[in-house]
Amino acid sequence: PVFGSRAVRAEAAALIDEILRRPRDEGQVAADAARMRAEIERHKPPAGPFDVKLGPGGLVDLEFAVHVLQLTRHVGLDPRLEEAARQLADAGLFDASIVKAQHLLTRMLVMLRLVAPDGSEPIPETWELVAAACGAGSTEQLLAQHGAARQSIAALWNGIKGEQ
């Protein structure tokens, strides 16, 4: 809560925490999340292979995985995705490489929207700029890291929603 008296914000925060910590059926939460994710995919498909938000193993899949774990395990209840993911990894609910994958895809999202706002694939010279901004030594290295990040997130999400 960001508005109201200190007492009202504390009361709202306590209510939110109580709701987030309620017992839930893990299978039902995962099934509901999988249905919601499928609806997003149906109505807003990825713009292309470098749509790091909507594509398979992208940031939306990670958000759904994190939210299912938050609601069923009551860990990582921070509203910031990166911090929630870090807390879930620290609790052993997924590998720390997922946090690195989230960081990479977030950087790529920002950079790709700057250099190719229409969702098209950047030209080779622009890929070099994107790679440098993402901490990769080359375009090839960035693309390899991108592929690995998407695979790890897809595996996490598929495991949570029950598809191995």
Sort Leu156, Leu142 from largest to smallest accessible area, using a 1.4 Å probe on the heavy atoms of the protein chains. Leu156, Leu142
Under a straight-distance cross-link criterion of Cα-Cα below 20 Å, which aspartates and glutamates are reachable from Lys44, leaving out those fewer than 8 residues away in the same chain? Asp32, Asp61, Glu63, Asp118, Glu121
Solvent accessible area, Å² - Val2, 1.4 Å probe, full protein context: 140
Sorting Met108, Ala91, Leu81 by the position of each Cα along the dipole of segment 74-116 (Lys, Arg +1; Asp, Glu -1; all at Cβ), the one nearest the positive end of that ordering is Met108
About its Cα centre, what dipole magnitude does the chain give when the only charges are +1 on Lys and Arg Cβ and -1 on Asp and Glu Cβ, stated in debye to the nearest 20? 400
Might you work out the accessible area of Ile16 for me, using a 1.4 Å probe with all protein chains in place, and round it to the nearest 10 Å²? 90
From Cα pairs below 8 angstrom and at least 6 apart in sequence, can you work out the relative contact order of the chain, rounded to a whole percent? 24
Testing the spin-label approximation: label points 7 Å from Cα along Cα→Cβ at Asp90 and Arg21. State their distance in nm. 1.7
Find out how many positive minus negative residues lie around His43, taking Lys and Arg as positive, Asp and Glu as negative, among other residues whose Cβ is under 15 Å from that of His43. +2
If one compares the long axis through the Cα atoms of helix 97-115 with the longest principal axis of the Cα atoms of the chain, the angle in degrees, nearest 10, works out at 60
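Run the helix sum for the chain: -39,500 (n - 2.57) per DSSP H stretch of 4+ residues, divided by residue count, reported at 222 nm to the nearest 500 deg cm²/dmol. Present the calculation step by step, with values, prior to reporting the outcome.
Numbers: 7 runs with 110 residues, N = 164.
Rounded to the nearest 500, the figure is -22000 deg cm²/dmol.
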Ranked by accessible surface with a 1.4 Å probe, highest first, in what order do Thr139, Thr106 come? Thr106, Thr139
What does the C-alpha gyration tensor say about the overall shape of segment 16-107? Classify as rounded when a/c is under 1.5, otherwise prolate if a/b is larger than b/c, or oblate. oblate
Net charge contributed by nearby residues that have their C-beta within less than 10 Å of Lys53 (K/R +1, D/E -1): -1
Any idea what angle helix 59-73 forms with the longest principal axis of the chain, computed on alpha-carbon atoms, 0 to 90 degrees, nearest 10? 20
Give me the tail of P(r) for the chain as a percent: Cα-Cα pairs with distance above 27 Å. 33
Within straight-line cross-link reach of Lys100, lysines at Cα separation under 22 Å, skipping those fewer than 8 residues along the same chain: Lys53, Lys161
Env charge @ Trp127, Cβ radius under 11 Å, K,R +1 / D,E -1, value -4
Quick check: with the 1.4 Å probe, what order do Lys161, Lys100 take by accessible area, largest first? Lys100, Lys161
Does segment 87-164 come out rounded, prolate or oblate by the C-alpha gyration tensor, with a ≥ b ≥ c the root eigenvalues, rounded set by a/c under 1.5 and, if not, prolate when a/b is larger than b/c and oblate if not? prolate
With axes computed from alpha carbons, what is the tilt in degrees of helix 6-20 against the longest principal axis of the chain, rounded to the nearest 10 within 0 to 90? 80
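The values are calculated or read from the model by the stated rules, or taken from the named source; none is laboratory data. The shown structure was predicted, so the numbers you read here are calculated from the model rather than taken from an experiment. No Cβ is skipped: glycine too gets one built from the backbone with ideal geometry, and neighbour counts run over all protein chains shown. These accessible areas exclude ligands, DNA and RNA; they are computed on the full protein's heavy atoms, side chains included. Shrake-Rupley method; radii C 1.70, N 1.55, O 1.52, S 1.80 Å.
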